[in-house]
Amino acid sequence: GEGPNAEVLKQREIEELEEKKKKRKRAAGLSSMKKIFENKEKIAEVQELEEEKLRQEKQSKKAKLEEIKHERHDVKSFTYNSFDANHMRSKSSIIMCSGEWRDQLHPLIESWDWETFEKEITDENFVPKINKLPTPVKITPYHCEAEIYKVDHSINEISIALENVPCVNPLKPIKTRPTETVLSAIKEITKERLIETSDVAEKLMENNKIDMLPKLENLPDVVKNIKKGKREKIAKISGLTLDINKAKRFIPGQVLNTPQGPVFIPGQTVETPSGPVFVPGLSVNTPAGPGLIPGHIVTNENTNEPFFLAGQLLQTTNGEEFVCGQTIKNKDDSHRFVEGQTVLSEEGLKFIPGKILTTGPEEVFVPGQTIMTPEGVQFVPGQTVTEESGVTF
């Protein structure tokens, strides 16, 4: 009844002390492990910050290089057979006109309550930094005769347009045009021979040969190798066959006899109210279906290489002439012929609506379109862009 004796109490004290020591060691071990992990986390955070800083520095350097690159581009002229479509689309003046930018605009407020507006304005005195107006620069404007061209409805129905691209930098246009010899020879094609290039899409579909027509991206290779083509009839259609990217392609057309020898002119026969007409151009197969890009393959005056020039033989104020341009579809599904230049870019053949103006010894290409205004037919300078919603001017 006297409780534990002195020896037992002493033993208990020793055991308690040992237990406390163990707990202290365990806690010290855990805290040291905690410190190790905390240090590792701090090192990782520092590394992440350094990596982010380096990444931002690289991005800023890249942006500066791109800016310098664009500035260098901006001082040079582009040519019809060496055009940079990506650079033109990246220009700030074009981005500001694109649909994506317009979608971000907020609608204007519907009501203007002046009393509410007046209360929010603080009474501050502003001192203008500029006290002198700039002197206007005197620039002699280009003047050009505007004309709206009429194209046969039947030709419009089968026509396919190249993509319209903007052109802010100066563009050196091609001067070569189809020769009068070729244009005259086309008119002399007999009705029997016109049948050989008529109903191209229908005949090829019936014979499961529609895939032999080149695609839009194949056109630069087709034009480049046109002289290597082999004369052949496919589905009773006269034309040439070419090997493009290990695939056999068929280019419908007629062989004309000229004083310089036989010449192959790609194209199709179109039935018009005045009878069957041979329309020169490149036949293509697109996701929307097969069609024709009216135009002529001419020889580059500088490189002696073949180049495709979109355009048609139309009635002008100076008589019948070959006009560079293409037919585009309006938003109301009507068609109109737009004058312009065909260019070869890294993406293939593209089109820039505009006019060539002769100013003394040199020719200047001005992007724009001929439109009907309240003052009459006028050429309006500006950029034309093909977007998902349609063609924007």
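The values are calculated or read from the model by the stated rules, or taken from the named source; none is laboratory data. Since we're looking at a predicted model, the values are computed, not measured. So basically every Cβ, Gly included, is an ideal-geometry build from the backbone, and we count neighbours across all protein chains shown.
Count, please, the residues in the range 200-228 that happen to be without any contact (Cβ under 8 Å) to a residue 12 or more places away in the chain and either buried (at least 17 other Cβ atoms within 10 Å of the Cβ) or touching a Pro at 6+ places or on another chain (Cβ under 6 Å) (or both). Final tally of qualifying residues: 0. Considering the range 331-361, the residues that are among the hydrophobic types (A, V, I, L, M, F, W, C) and under 15 Å from the mean Cα position of the chain (by Cα) include one that is surrounded by the fewest Cβ atoms within 10 Å (Cβ to Cβ), namely 344.
For the range 244-252, the criterion of being touching a residue at least 60 places away in the same chain (Cβ under 8 Å) and touching a strand residue (DSSP E or B) at 6+ places or on another chain (Cβ under 9 Å) is met by none of the residues. Listed by first and then second residue, the pairs with beta-carbon distance under 9 Å, at least 6 apart or on different chains, first residue in the range 7-21 and in a helix (DSSP H, G or I), second small (Gly, Ala, Ser), are 9/3.
Go through the range 339-365 and give me each residue that's acidic (Asp, Glu) and in a strand (DSSP E or B). Selection gives 339, 362, 363.
Across the range 346-378, the number of residues qualifying as under 21 Å from residue 330 (Cβ atoms) and in contact with a Phe, Trp or Tyr (Cβ under 9 Å, 6 or more places away or on another chain) comes to 9. In the set (1) assigned to a helix (DSSP H, G or I); (2) not assigned by TED's automatic domain parsing to the domain that holds residue 344, the condition left unmet by residue 223 is number (2). Residue count for the range 182-214 under the criterion of being part of a loop (DSSP other than H, G, I, E, B) and among the basic types (Lys, Arg): the result is 1. Residues in the range 263-316 that are among the hydroxyl-bearing types (Ser, Thr, Tyr) and assigned to a loop (DSSP other than H, G, I, E, B): 274, 303.
I'd like the full set of residues that are over 25 Å from the mean Cα position of the chain (by Cα), farther than 30 Å from residue 333 by Cβ and hydrophobic (A, V, I, L, M, F, W, C), limited to the range 157-206. Selection gives 182, 183, 185, 189, 195.
Yes/no matrix, rows are residues, columns are (1) within 18 Å of the chain's Cα centre (by Cα); (2) surrounded by 18 or more Cβ atoms within 10 Å (Cβ to Cβ); (3) hydroxyl-bearing (Ser, Thr, Tyr); (4) within 18 Å of residue 148 (Cα to Cα):
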position: 289; (1), (2), (3), (4): no, no, no, no
position: 295; (1), (2), (3), (4): no, yes, no, no
position: 300; (1), (2), (3), (4): no, no, no, no
position: 319; (1), (2), (3), (4): no, no, no, yes
position: 371; (1), (2), (3), (4): no, no, no, yes
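Would you call residue 281 crowded, with 19+ Cβ neighbours inside 10 Å, farther than 23 Å from residue 350 by Cα and either in contact with a Gly (Cβ under 9 Å, 6 or more places away or on another chain) or free of Cβ contacts under 8 Å to residues at least 40 places away in the same chain (or both)? In short, no.
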